[in-house]
Amino acid sequence: MYKLLILILFFSHHSMANMKIAPLRVITAEANTTQKFLVSNTGKKPIRVRISPSFIASPMAKYQTRHSSISQKMEDLTPFLRVSPPVISKLMPNERKIVRLRITDLPSNYEKGEYRTHLKFTQEVIKKVNSTENNSESISFDLTMLVNSSVPIYYQKKGRNSPPKPIIQCGKNKLKIINNSRYQQKIELLNDSVYKQLILLRQSNLDIAYNGKTTIKINDEQQKICL
């Protein structure tokens, strides 16, 4: 007889130190292609890893708000992901394995724009424990499940027309950037003392304080200097 004893413990993201994942972010405009992730066990115990796509409704930092017109159905990429393997049954210390992610093409009735989800990696430490029964065939395992680690996945369904440019408003040390397009924007803020790099999702606003003369770059191009 086999018994399975499952103990679930939740820690902060720093508890993932004994599992490394690369890359930590995927942005692609190519459908029906395979993305590869390298999963490494840097700890001292064997682990099991479960992998599954999972949409996070509001992965927003405090500086970012979504437009009321955007909904999960309009940007959820989860149904179009295929993961192989969905479970790494045992990953030994210092061992590495590859997980493949395939993004299938979106139906033609889906609008041009950016679609997103997260690839969730759930780590479980495998430890054999003694059985409480006198049956020599009885084996029990202790699976300690640690916190999930999520990798953002973005697929950009491109159109022929150029998306609208973000609107930049600055004054009294407050910056507002309005992104009306269906694609994310990479925002860089640079002044004498601070450099910040932020991601502004599709149909979102950025509101953030700044101090002194600040250069704003969007997608690596200088757009404005706020005084």
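The values are calculated or read from the model by the stated rules, or taken from the named source; none is laboratory data. Worth saying up front: this structure is predicted, and the values here are computed from it rather than measured. When we count neighbours, we look across all protein chains shown, and the Cβ atoms used for this are built from the backbone with ideal geometry, even at glycine.
Tabulated data for the structure shown
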| read-out | value |
| --- | --- |
| Count - residues of segment 74-108 that are loosely packed, with under 15 Cβ neighbours inside 10 Å and within 18 Å of Asn32 (Cβ to Cβ) | 9 |
| Whichever residue in segment 159-175 is in contact with a Lys or Arg (Cβ under 9 Å, 6 or more places away or on another chain) and surrounded by 12 or more Cβ atoms within 10 Å (Cβ to Cβ) and, among such residues, is nearest to Phe80 (Cα to Cα) | Gly159 |
| In segment 35-49, the residues that are modelled with pLDDT under 95 and surrounded by fewer than 12 Cβ atoms within 10 Å (Cβ to Cβ) | Lys44 |
| Criterion: modelled with pLDDT under 95 and closer than 17 Å to Thr65 by Cα - qualifying residue of Lys174, Lys158, Lys224, Lys196 | Lys174 |
| Filtered residues of segment 23-40 (kept if touching a Ser or Thr at 6+ places or on another chain (Cβ under 8 Å) and part of a strand (DSSP E or B)) | Gln35 |
